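Asks: First, the structure itself, so that you have it in front of you.
The values are calculated or read from the model by the stated rules, or taken from the named source; none is laboratory data. Predicted model, so just to flag it, every value in this text is computed and none were measured. A quick note on method: Cβ atoms are made from the backbone with ideal geometry, for glycine too, and the neighbour counts reach across all protein chains shown. Accessible surface areas use protein heavy atoms only, side chains included; no ligands, DNA or RNA. Shrake-Rupley method; radii C 1.70, N 1.55, O 1.52, S 1.80 Å.
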Amino acid sequence: MRGFLRRLTTAVVRHTRIRTGLRWKLSAAIALVGALVAVVLSLVVHNAARVSMLDNARDLADERILVAQRNYELSGRLNFPNAQIDDAALPAELRERVERGRRATYVSDRPGGATDIWAAVPLKDGHVMSLHTGFTDRSSDILQDLDQALVIGSIAVVLGGSALGVLIGGQLSRRLRKAAAAANQVAAGATDVRVRDAIGGVVRDETDDLARAVDAMTETLQQRLEAERRVTADIAHELRTPVTGLLTAAELLPPGRPTELVLDRAKAMRTLVEDVLEVARLDSASERAELQDLMLGQFVTRRVAARGGDVQVRVLHESAVTTDPRRLERVLFNLLTNAARHGRPPVEVTVEGRVVRVRDHGPGFPAGLLAEGPSRFRTGSADRAGRGHGLGLTIAAGQARVLGARLTFRNVRSPGAPEDAPAEGAVAVLWLPEHAPTNTGSYPMLPEGTGGGSTGGSTRGSTGGSTRGSGAGGKRG
């Protein structure tokens with residue numbers, strides 16, 4: 001149940017979490033939009049100012065050509081500065097308009113970038129009077145100052161937008177990271193963690209809606225899983241009495257092959273009921289380790305020897321650990337039973353410090369187990385049908401969590417062999433923690449300067465239920 005909750009919550013986090021760098025993406029987007037707006041506005045303002053100045057220059061040239069025309073008609077002499085009669089450089093378009101009897105102005109750009117202002121008017125004697133001036137230096141200076149101000153303003157807008165994007169994106173990214181961290185804690189089994197409380201803040205936005213939705217989903221899912229766990233535990237508990245009676249009655253049957261078959265199936269049913277009860281207790285997260293100090297290599301050697309079977313034990317490095325010997329034995333026996341049932345001899349157990357490895361030389365673990373971990377009532381392949389109920393590795397993984405340990409699985413292949421090559425064995429590795437969990441399920445905080453290693457004394461904790469010492473048959477999958 002908890003594994004299903006972890007996978008579902010992890011999937012939600014994977015689809016809703018925004019990766020690191022949101023603040024820079026948002027800053028870049030705001031800066032880009034600000035730069036585009038600033039460029040467009042600068043071009044519009046520059047063109048509008050230039051057109052306005054050119055219009056003023058043309059109006060001034062038009063007024064001046066009228067004054068020059070009046071002076072010429074009154075005095076008969078051309079006495080106005082820059083005024084000419086029938087100028088050969090007069091633009092053709094302007095000449096055509098004037099020849100049609102209209103006074104007109106014209107603006108032309110020379111190759112060097114200078115702007116010429118023309119004004120022309122028809123005279124009574126059929127000639128054309130024109131006035132040629134250039135764009136004044138003062139107007140050019142005004143445009144340059146305007147362009148400089150626009151560039152400075154655009155840079156300020158881009159920088160300000162970038163800073164604003166960093167602030168807004170940083171706040172949003174920080175809230176999303178807190179939400180993702182809280183959701184990961186829920187996926188790891190911290191049922192009291194709520195995403196909405198983790199992100200904090202007083203502003204309601206989409207992040208709050210997401211957090212509330214995840215919290216609601218988590219609570220609903222936990223209620224359903226808890227109800228399912230209770231139903232499973234109640235059914236298994238109710239089955240214990242009739243199964244025990246069935247086993248007792250089977251033992252009273254006369255000797256013979258039918259009696260052996262009935263006893264075998266009755267014992268298998270009792271093992272299944274006990275395993276289901278144990279899984280239900282582990283799913284409830286109420287189990288606590290009863291800690292003792294022991295030498296790991298000696299413990300494993302004695303337990304494997306007492307169990308019997310052709311199992312090789314090697315102690316590469318002895319280590320003192322603080323753990324629950326009963327739960328450690330349960331994990332060890334389940335791993336050995338799984339290796340003996342689904343692997344091939346020789347089965348090897350190696351103890352190196354706080355690490356215990358159980359290896360067989362069989363076909364290896366199925367891909368589903370390596371990707372998702374042990375799953376109850378799933379054997380991994382059809383050829384294992386009828387050979388157990390798939391709870392052995394599930395119980396081993398649950399007991400390892402109670403010990404604060406980590407249980408991993410991998411397949412062994414020859415060096416350089418491709419991933420799709422057949423495995424040459426399977427290895428289950430139990431990593432015991434440096435500091436054992438306390439009776440509250442947490443880990444002790446050592447004072448500063450304390451070195452690593454095992455703690456000095458054993459810590460006793462209450463246990464939520466008993467665990468059977470016999471090794472249950474597990475399935476690789």
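Asks: Quick one: which of LEU78, LEU60, LEU74 is open to solvent by 70 Å² or more (accessible area, probe 1.4 Å) and not in a helix (DSSP H, G or I)?
Replies: LEU78
Asks: Same structure again: Which condition number does ASP116 fail, the rest of (1) among the acidic types (Asp, Glu); (2) more than 20 Å from ASP55 (Cβ to Cβ); (3) part of a strand (DSSP E or B) being met?
Replies: ASP116 satisfies every listed condition except (2).
Asks: ARG19: modelled with pLDDT under 85 and either in a helix (DSSP H, G or I) or touching a His at 6+ places or on another chain (Cβ under 6 Å) (or both), yes or no?
Replies: On the way: modelled with pLDDT under 85: yes; either in a helix (DSSP H, G or I) or touching a His at 6+ places or on another chain (Cβ under 6 Å) (or both): no.
For ARG19, the condition - modelled with pLDDT under 85 and either in a helix (DSSP H, G or I) or touching a His at 6+ places or on another chain (Cβ under 6 Å) (or both) - is not met.
Asks: In the stretch 132-152, how many are modelled with pLDDT of 80 or more and surrounded by 14 or more Cβ atoms within 10 Å (Cβ to Cβ)?
Replies: Adding up the residues that qualify gives 5.
Asks: Where residues in the stretch 328-366 are out of contact with any strand residue (DSSP E or B) (no Cβ under 9 Å at 6 or more places or on another chain) and open to solvent by 10 Å² or more (accessible area, probe 1.4 Å), which of them is farthest from GLY308 (Cα to Cα)?
Replies: PRO366
Asks: Give the residue that is most open to solvent (accessible area, probe 1.4 Å), with candidates limited to residues of the stretch 315-327 that are touching a strand residue (DSSP E or B) at 6+ places or on another chain (Cβ under 8 Å) and not in a strand (DSSP E or B).
Replies: GLU318
Asks: Follow-up. If LEU272 passes every condition in (1) over 38 Å from the mean Cα position of the chain (by Cα); (2) open to solvent by 40 Å² or more (accessible area, probe 1.4 Å); (3) at pLDDT 75 or above; (4) more than 16 Å from VAL351 (Cβ to Cβ) but one, which one does it miss?
Replies: Here LEU272 clears every test but (3).
Asks: Taking the criterion of being more than 59 Å from the chain's Cα centre (by Cα), more than 25 Å from ASN47 (Cα to Cα) and open to solvent by 40 Å² or more (accessible area, probe 1.4 Å), would at least one residue in the stretch 109-125 satisfy it?
Replies: yes
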